[in-house]
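What follows is one structure encoded as structure tokens, with my remarks underneath.
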Amino acid sequence: MKKKYLAFFAIVFVLANIFAAQAQKVSDLVTPKDYFGFQPGSEGNLYTYSQLIDYLKLLDKDSPRLKMEQIGESPMGQAMYILFISSEENIRNLESYKAMNKELMLNPNLNKKEQTQLIEKAKVFFLATLSMHSSEVGPSQAASLIAYDYATTSDPELLSYFDNVVYMMVPNHNPDGMDMVVNNYKKYKGTKYEGATLPGLYHKYVGHDNNRDFITLSQTDTKAISAITSTTWFPQVMVEKHQMGSRGPRYFVPPNHDPIAENIDPGLWNWTGLFGTNMIKDLTGAGLKGVSQGYAFDNYWPGSTETCLWKNVMSFLTEAASVATATSIYIEPNELSVSGKGMAEYAISANMPDPWMGGWWKLSDIIDLELVSTKSIIKTASFHKKEILTYTNNLCKKEVLLGASEAPYYYILPAKQHDQGQLLAFVNLMLEHGIQLNTLKEDIVINQTLFSKGSVVVSLAQPFRAFVKEVMENQKFPVRHYSKDGPLIEPYDITSWSLPLHMGLKSVEINNPVDHLIAKLEPITAPADAINSIPSDAEYVVLPVDQNKSFALAFELMDKGQDIFRLSADTEKAKQGSFALKLNTKNRTLVQNLLKENGVFAEFTSKKLDGLKKLSNPKIGFVETWNHDMDAGWTRYVLDTHHIPFQLIRPDEFKTLDLSSFDVLVFPSSSKDILLEGKRKGSSGNYNPSSLPPEYAKGMGKEGLKRIMEFVDNGGNVITWGSSTDLFMGPMKINKGKEEEDFSLPISNIANRLEKKGLYVAGSLATVRVLENHPLTYGLEATANIFYRGDPTFQTNIPGFDIDRRVIATFPEDHICPSGYMENEELLAKLPAAVWIKKGKGQMVFYSFSPQFRSSTSGVYKFLFNALLLD
């Protein structure tokens, strides 16, 4: 008996020493204040992305409650990470729980016993992505405090939450932008421009629009985040942490305001509402005022990080009122206001029961909101662990059953498409989204339509059914009003995102069961690729003009010194405007490799090709302002990914820049006032002060515009679209020798007039009829779908001396809006959407739409590519 007691006490002694050692190790963890030299959230202090990651790596090394993994790279090459925080046991068993997540999210065939056993073992995974909009610094500055607190806490209540929950933190969603904003703040700290806006975009390409990329998945940081919910970890709960304007509520939590997406299961709205209700309760209980719900932010459109809502994740956002980066601001009570959805007055209301009434607002206040709201979400996830996991798998079962029992049942994309490369792009994108795809092993007739072998079949009977339906169908905006017959509740962002329409693909919706289809399907499990093998007797490779990637390859080959020609007429192998390259022993391997890399379905011929016109790589001047010019950033992305070189020009450079070295100037959509003066006009007609430092708040002035038009008159080309087109409307002057010429281009913007008549376009897809066989429309179909916002709206006039014009694309008489929302669309009937103008020796191309809108309208990229090659 004595030996037993001695053994028992020995075990207790060993365990006590182990726990003491662990406690000592926890207490030895360096605090954020000691590591950074300041308390995160303190006045005027910010750390950079690399400093944050280095600190988290240190915690990861020394704490058994943490584990950090790389998930990808930013567009500028910085490593992106996810930090897991939970109990020591959960961290040790992460891979096992990862497999359980996948089963619960994707397996509809679990029986009740299997489901119950899995739910008993599994944990709730809660993903938080921080500060994707880099000027919204608070969430990422709170990240170090959250990680340290959870790594060192001895609070038994909080520790019990982590028995049930694994917290997954992406410390910063946009590493490149975080460094840009922090370094800009430090540059001007202590000067009169402290807190000034970052000049340019806080991202390599897309700036604030990184929260609009979660369907297209164009950016590497977007891909890294999307994979977490689509193909790897499958968390059940997700929040994106944002900031908003300074003059309204202090914080926003769900539920959202109307309209909401109609393809989402009602239970998901209930769950996000529960998380929001608990947050406002906990935040208010902590003495934090000004928390709002049901205000400003709808949840109708996918494209943000919360697009995982369509993949059965309980996803939502929070928004904190901003400061001047890290500098406190003082707000007088009369300066507080609300507008639009959810609140008409800044006062006690159901959507903001405890208003903040003004005073100093500090970065530390934002940090407090982040600390309390994060803990609240973890607590709710822990309390409802069994319900959340049960709901997740039941929803998987429900979506699969709905897809098998109600229309639509399938979407089929025919094997033969106008742009064959777009079908490849679609397949690869959907696989990246975690969507189950199949291809036809043989021909089949469905509803009197023949679908050929190789057609792509997307079944709705799959767990992510809501996402499939959302991105495959034509959008019909759910019209809601503030009161009966009252004003329309306008959408927060856009109203069209149909992948087939935006990508220019044919897709057929199948609204009846097809029993004999399943046996003819073969799963697509790997990314698709174009298959090309150059025949030994081929003399020429022909790149069909129908394919976007043909343009990309033509530009790349020209950049590599190859002679590229364009067909001036249709041939047996290709259409007018297609590209041709003569093959030889030196370039065959190069061409073979680049065909594969670019995904071009090429044609080959051993016959001599006639009617070839040699191309030269145009010298492109690309205009981008310093005012967070997102459309310009998206355009740069499209140019870079299609191997099109350019030189960046800031508007004020036009006053002195030698334009004779350029062939074409490109003006993406930007405000005329910004381009001319570097500032915006207010409602009074006067220019408002810029939030940029003065060296960046400059425009081209009238002299710069005059020099641009002289460039055109002397033989240069200009491409302009969207708001930038206003720059070239109205009376203008140029110098011609010793004389000054007055003129106006034969085009005007009548958008204001049509708006007064009732035209309303809520960021929609519009159909246009294309002038065929014109150099600007090579490769386009007779009708095309453009993304349109209603302004500008063009009208042409009979031209004056030395000027000509042609309408290149026109709105049809009816059925203008195939996807999205327009009111009184008939006002657009027969009006121009694209116009070509000749002035002197040069040419100008006007588009009322962005030819690459957020890189989502690849079906009409050729409007841009052809314009660049215009001679």
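The values are calculated or read from the model by the stated rules, or taken from the named source; none is laboratory data. No experiment lies behind these values; they were computed from the predicted model shown. Note that each Cβ is placed from the backbone with ideal geometry, even for glycine, and that neighbours are counted across all protein chains shown. Remember, those area values only see protein heavy atoms, side chains included, never the ligands or the DNA or RNA. Shrake-Rupley method; radii C 1.70, N 1.55, O 1.52, S 1.80 Å.
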Rounded to the nearest 0.05, what FRET efficiency do T116 and E406 have when you use their Cβ-Cβ distance and R0 = 41 Å?
-> 0.90
Determine the relative contact order of the range 665-787: mean sequence separation of Cα pairs under 8 Å and six or more apart, normalised by residue count, in whole percent.
-> 20
PRE reach from Q39 (point 7 Å along Cα→Cβ): which of the range 304-325 fall under 14 Å by backbone N?
-> none
Please provide three numbers in whole Å: the alpha-carbon extents of the range 718-871 along the principal axes, with the largest listed first.
-> 53, 36, 26
How many nm separate the modelled label positions at E332 and D658, each set 7 Å beyond the Cα in the direction of the Cβ?
-> 5.4
Tail fraction, Cα-Cα pairs, the range 425-563, threshold 23 Å, whole percent = 55
Among beta bridges that DSSP assigns inside the chain, antiparallel share in %, nearest 5 | 65
Relative to the longest principal Cα axis of the chain, at what angle does helix 385-405 sit, 0 to 90 degrees, rounded to 10?
-> 40
Distribution output for the range 600-663: share of Cα-Cα pairs per 10 Å bin in percent, first bin at 0, values 16, 35, 25, 15, 8, 1
Which of the peptides 578-585, 417-424, 532-539, 162-169 is most tightly packed, and how do the rest follow, judged by the mean count of other Cβ atoms within 10 Å per residue?
-> 162-169, 417-424, 578-585, 532-539
Taking the alpha-carbon centroid of each part, what is the distance from the range 424-455 to the range 766-827 in angstrom?
-> 32
Rounded to the nearest 10 degrees, the helix 363-383 long axis (Cα) sits at an angle to the longest Cα principal axis of the chain of 70
Determine the per residue accessible area of the range 556-599 with all protein chains present and a 1.4 angstrom probe, expressed in square angstrom.
-> 54
Summed over the other residues with a beta carbon less than 15 angstrom from that of V479, with K and R at +1 and D and E at -1, the charge totals -3
Can you pick out the pairs among K102/K397; K112/K398; K102/K241; K61/K375 whose Cα atoms lie more than 18 Å from each other?
-> K102/K241; K61/K375
Report, ordered by chain and residue number, the lysines lying within cross-link reach of K738, taken as a straight Cα distance under 28 Å and ignoring same-chain residues fewer than 8 apart.
-> K655, K702, K706, K838, K839, K841
Taking Cα atoms of the range 189-245, Rg/Rh with Kirkwood Rh, to two decimals?
-> 1.11
Note down the net charge around K453, summing +1 for each Lys or Arg and -1 for each Asp or Glu among other residues with Cβ under 15 Å from its Cβ.
-> 0
What order, most packed first, do the peptides 232-245, 655-668 have when packing is the mean number of other Cβ atoms within 10 Å of each residue?
-> 232-245, 655-668
Kirkwood Rh (inverse of mean 1/r, distinct Cα pairs), the range 239-331, angstrom | 13.9
Report relative contact order for the chain in percent, whole number only (criteria: Cα-Cα under 8 Å, sequence separation at least 6).
-> 10
Per 5 angstrom bin, beginning at 0 and ending with the bin that holds the maximum distance, the Cα pairs of the range 521-640 fall in percents of 2, 10, 19, 20, 17, 11, 9, 7, 4, 1, 0
Net charge of Cβ neighbours under 14 Å - reference N688; Lys, Arg +1; Asp, Glu -1 | +1
Expressed per residue, the solvent accessible area of the range 278-338 in Å² (1.4 Å probe) is about 26
Taking the chain as the reference, fit the longest principal axis to its C-alpha atoms, fit the long axis of helix 548-559 to the helix C-alpha atoms, and give the angle between the two in degrees, 0 to 90, nearest 10.
-> 80
Sorted by mean Cβ packing within 10 Å, highest first, what order do the peptides 755-764, 669-678, 131-140 take?
-> 131-140, 669-678, 755-764
Hull surface divided by four, with the convex hull built on the Cα atoms of the range 32-166: how many nm²?
-> 10.1
Report, in deg cm²/dmol and to the nearest 500, the calculated mean residue ellipticity at 222 nm for the chain, where each DSSP H run with n ≥ 4 adds -39500 (n - 2.57) and the sum is divided by the residue count.
-> -9500 deg cm²/dmol
Leaving ligands, DNA and RNA out of it, report the carbon-plus-sulfur percent of the accessible area of the chain at a 1.4 Å probe.
-> 51
Once the in-chain neighbours fewer than 8 apart are removed, the aspartates and glutamates whose Cα is under 16 Å from K613 read D563, D570, D871
Give me the distance in nm between label points sitting 7 Å out from Cα along the Cα-to-Cβ direction at K386 and F604, one decimal.
-> 6.6
For log10 I(q)/I(0) by the Debye sum over Cα atoms at q = 0.06 Å⁻¹, the listed values are [x] -0.45; [y] -0.58; [z] -0.50; which was obtained by calculation from the structure presented?
-> [x]
